[in-house]
Structure formats: C-alpha cells, structure tokens
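Values quoted throughout were computed directly from the atomic coordinates according to the rules given, and no laboratory measurement underlies them. Source: prediction; values computed, not measured. Please note: Cβ atoms are built from the backbone with ideal geometry, for glycine as well, and neighbour counts cover all protein chains shown.
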Amino acid sequence: MTPVVRALESRLRRVVRADKEEAGAVVILVAMLLVVFMGCAAIAVDLGREQVVAAQLQKAADAGALAGAVYLPGNLATAQSVAQAVALQNVRVGLSGPVTVTSVLGIRPTQLKVTVSGPMTFTFGQAIGINGTTVTRTATADFSGPTPMGSPCNILGREDMPSDSQTGQAPVASANCSGAGTYWVNIAGTYVNKARGDAYADLWCTQPDDGKGIDGCSIPNSTAGNPGTNTEYDPNGYIYTVRVTTAGILNLQGYDIAWVATGDNCTDNLAGASAVSNTYVTDGAKRYATGTSAYCTGDTQMNYYDGDLSAVKTIVTVRAPAATSINPLDGTTLCQRSWNGWGDQYASPSTYANPNPTLGKALDLATLLNFKSPSYDSSLAEVFHRWANLCTGNPNGMYVTPGDYSIQVQTVGGGGQNRFGLRASLDSGNSNVSIFANGKESMFNNVNAGVSEFFLVRLGSGAAAHTLTLRFFDMGDATAPVSAVVLQPDNSNLTAGAPWSGCVGIGPTGGASPGSLLSNCTVTTTSATNGGRWQSIQVPIPSNYVCNADSDQSKCWIKIKLTTTAAQADTTTWAASMDGDPVRIIR
C-alpha cells in the first residue's frame, strides 16, 4: 500500500469516526426536543380542556346568580339555596371531584355573588409532574324588579270599618299600615269600557270620555256603534305578592271579594237589607246599610255603552313561592275560589242593537241575605261586606315558611267593577308579613277635599342609577282638578317627603315624548285632559341612592300626595317599572 493510499485511508477513518460521534449527539438532541415538544403539546391539550371547563363553570355561576338574585333583598337564605341548585344543574363534565358553590351578598343588598369551583385532573400533564388544578369562576347578579306597589303593610285596601264579634272580622293591621291610604282595590269585568279606569282587566273600548280617544285601544276614537279592543288587556288579571319573613300560620282574606252590584255609593239593591240577620254578621244594621260608609266598597253594574250588564265572575288563586322564576304564576297552586257574582238579571245582554234589555229579575239583597228566607244564599252572606278566607281547607290558615306567596285575582266576563280589599295575618306577628301589587294595580280611590297621601312604590337600593317610570291611567274622572306630587322615600339617603327633582312628564301633562321637566315632580290632571289617557312621570334615581333598610319591607316607600278642592271617588290604574332588565349580570 503506497503512502498516499495509507494517508487517504487514515483520513477516511477519522471522518467516519467523527460522523458517528456527531450522529449520536444529534440523536440525543432530537430525543430531548421531542420530550419538550410532547410536554408542550400535552400542556396545550390540558389547558384547552381547562378553558372548556372554566367556560362551563362561568355559565353555571351566571345561571346561579341570576336565579338566586330574584329573592333579594330580604331572603338571602332562599337566594343562596336556589343559586346552588341552579348552578349545580349547569355543571356537566370535566371535573374530577365534587363542585363547590358559595354565594354572598354583593356590594348592595340586591346583588348576589356566586362562586363555582371544582378540581380538574390533567391527562397529559401528569407525565411532566403537573397533576391538575382547581378551576374557579364567579358571577354577580343584581335584581331591581318587579316593583312592589300599594302598601308596606299586611293590608291592601281599607280596614277602617268597625269590627263585630264574629270570628275573623277583628282588625289585623300592623304598625306598618299607618298612612297606607283609604282606597279599595279594583278589577273590572271583561266587558267594561276601558275609559272607566281599569287599563288591563276590561276588553272593551266603546266611548271616550271627551271624544278625543282612549289610549291603548285598537280604535282610539271608538263609539258604541264602532267599538274597539283594549290592546293592553291581560287575561291574567292582577297579581299581589304576600311576602312572609318568618315561618308561621298564614291566613289570607278578602273583603267583599265577590262582585255584588250595589253601585259606587251602595245606593242600589240594598233596600231593607239592614234589617235582616244571618249567621255571618251581627251588625247588619250598619254593614248592610244603604249609602257610603266604611263598609261600602262600591261594586258597580254598568249600563251600555260602558258595560253589557252581565254578572262579573271573580276567580282568586293562591300560589306558593315560585321555585326558580320571577314569574309568580309558576308557583304551585295552594287553593282557588270563584264566585259567579250577584247583580240584576236581564233577558239578554246589552248590545248596540239592544242597549236597554228587559230586566228579568232585580237583585234583592234583603232576601238573599236573610237567614229566615227560603232564598237565603249563604255563599253571598259569607263574603258580602265582610272578610272571608281565601283558602277554606283550614279556617285558621296554613303553615308557611319565608318566601313570596301570590294572590291572583281574575274576572271572566261581566259588565261591572269589583272593588275589594286583601289582608294577610301571621300567628308569629303581622309585622312579619306584607302584601303588595306587582308592578300594576287598579284602585277605586276615595279622597276627601284637601291633601291626602298614600304609598305607591317601594324603592330598594337596587334602583340606584335607574329611571323609575310611574304611569297612571284615567286620572281624570274627578269633579275637580287633582294635583299629584311624587315624594322621595323614607329611610333612604334622600330627604324623606320632599318632591323628587329632575322628573319628566310624558302625556297630557308634560307633553309628548321625551316630555318636559316637571316642577317639583308634580302633575295636575283634569277630566278634559286625562280621561282615558295614560300619564307618565319619569323619575331619575341618583347613582348613589341607598335604601337604609333593604331587608325591611315597610321602609323606603315613595308616596303620592294628592291635593284637590272637592271629594273624589275615581277608578284609576297605576303602573311602575324600572328601565333595563330587572335581573342582570353586572360582573
């Protein structure tokens, strides 16, 4: 072998040996990089799963907060239990252990903060020493509705009539009822002209008061010959909330709850009734007397064109608190009663073609209420001008736990107005129960000449930075102008009883939308301008508004002050609402 060949061979061996050494290093480097890449991929997969689980828990927290917040303020225990149940229902898969749901009040007593968390095991991360993590998500919901209306006490309507010795007729008003006003709750029959004051329960639009039309009718300028339909008609009638804050035996009663046609001032069909007796009353001489009194609710039977003269059937349904909904109609029915009503009977309905049908049988209350008469009607005597139980299964009431129970009052057919009262009593103390309307109510208001006040709307802390819209319908049948002032609530950081500032009027008083500023938050209504019309007052609530007693239903109520030069007896409808969603996620 020549030296050249030997030299080439030696170099070749060195090159081959070096290549082998470098190849081994590359293999090691590639192996290390593969481990890193696989670890990153594993972490990416696990982190992706974590994000899916986190999104699921966020939805669960949102759902729980929204469901629970509707029980605030004042019922934190129920809010928390409902929030937990709903949140757990919205957790599906992805966690390796039990879910934890906690809830507390937010910065306001109308806010519920819900936190949902649970453990999650990593599938690939364990290979590099990362076993898992705890996933946590939080949501806060705020509740600002529906708006409680009417009264902070356990009576809606009046209870100023003297009591006789009969069981169940003694007054039950709590101390919270001071200044609640003197009016009766109203509901119209289906076939009553809307211009008579009930904006939601009557279906007809048959004649404007002033020839200028009726708001919310398919034919605003309707006539008896060309009637319109009330586009705001609600077959569900009116719903009233009974808020119970302490467990006990609850008894619900209605005063003159059935429709009995006696006229606005009890001048119809009562002749001779004050002389009769029955097993339900011992003071018939006063309770059944003709004329206006504390006993007289003023049920009317209207003639055509304002009504069809048929009897008003009244249905009352009592429901338990709704489980997870702000709709009180979702609650389980506890009891239901109905009355077909008592009025004059006619040969045929009153119509445009037959406006004055033949009277078939006049209502004779003196006979129907007389225990000694063969025509005695005990079902009438039980309810007429007296407090009667709405649930008859247990005459002493039913055991209840804290929550919002509801009373729904509906009418089926009928050409008259039914005026009545509602009250609730609790054996653990009547200051622990209150009754109010949900967002709307119709009332038959008896106001003396001069100045009077009554509760209208409760304003909790959740109203801060919102706009409260107050609407009243047909506040124009009065014999003299009525001045209405919206007053700031008690027990808040505002000046109690002072007129609101910055109010805007929309309607006959204050002009069309967007309206104009109202001096001292005051409107003055007349029959020439407000008959059959909606009048709105928009009240801006300061962003720093605070109710100092959110858990106390008797506090933080807005009042209406009425001033008039003549006594009034007028049927009106009032409604209240807050802008925006009543319950919403705020963070």
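Once R0 is set to 45 Å, what does the formula 1/(1 + (r/R0)^6) return for the Cβ-Cβ distance between Leu517 and Ala54, expressed as a FRET efficiency to the nearest 0.05? Once rounded, the FRET efficiency stands at 0.40.
With a simple spin-label model that places each label point 7 Å from the Cα along the Cα-to-Cβ direction, the separation between Thr367 and Ser277 comes to 2.2 nm. The calculated FRET efficiency for the pair Val104 and Ala569, based on their C-beta separation and a Förster distance of 60 Å, comes to about 0.75. When Met578, Met398 are arranged by Cβ crowding within 10 Å, least crowded first, meaning fewest neighbours, the order is Met398, Met578. Note on Tyr233, Tyr280, Tyr255: ascending count of other Cβ atoms within 10 Å places them as Tyr233, Tyr280, Tyr255, the fewest first. Label positions at Asn265 and Thr134, each projected 7 Å from the Cα along the C-beta direction, are separated by 7.4 nm.
Just to verify a number: FRET efficiency for Asn394 and Thr292, C-beta to C-beta distance, R0 = 51 Å, to 0.05? Between Asn394 and Thr292 the formula returns 0.90.
Rg/Rh, computed from the Cα trace of the stretch 423-523 with Rh as the Kirkwood radius, has the value 0.99. Note on the chain: along the principal axes its Cα atoms extend 151, 53, 51 Å, ordered by decreasing extent. Shown for the chain: lysine pairs separated by 8 or more places, or found on different chains, whose C-alpha atoms are under 22 Å apart, numbering 11.
By the count of other C-beta atoms within 10 Å, a proxy for reagent exposure, Phe454, Phe436 are ordered fewest to most as Phe454, Phe436. Farthest toward the positive end of the dipole of the chain, out of Gly254, Ser516, Asn445, is the Cα of Ser516, where the dipole comes from beta carbon charges about the Cα centre.
How much length, in nm to one decimal, is gained on full extension between Ser501 and Thr332, taken as 0.36 nm per residue of separation minus their Cα-Cα distance?
56.6 nm
To the nearest ten degrees, helix 76-89 and the longest principal axis of the Cα atoms of the chain are 50 degrees apart. When Rg and Dmax are taken over the Cα atoms of the stretch 448-587, they come to 15.3, 52 Å.
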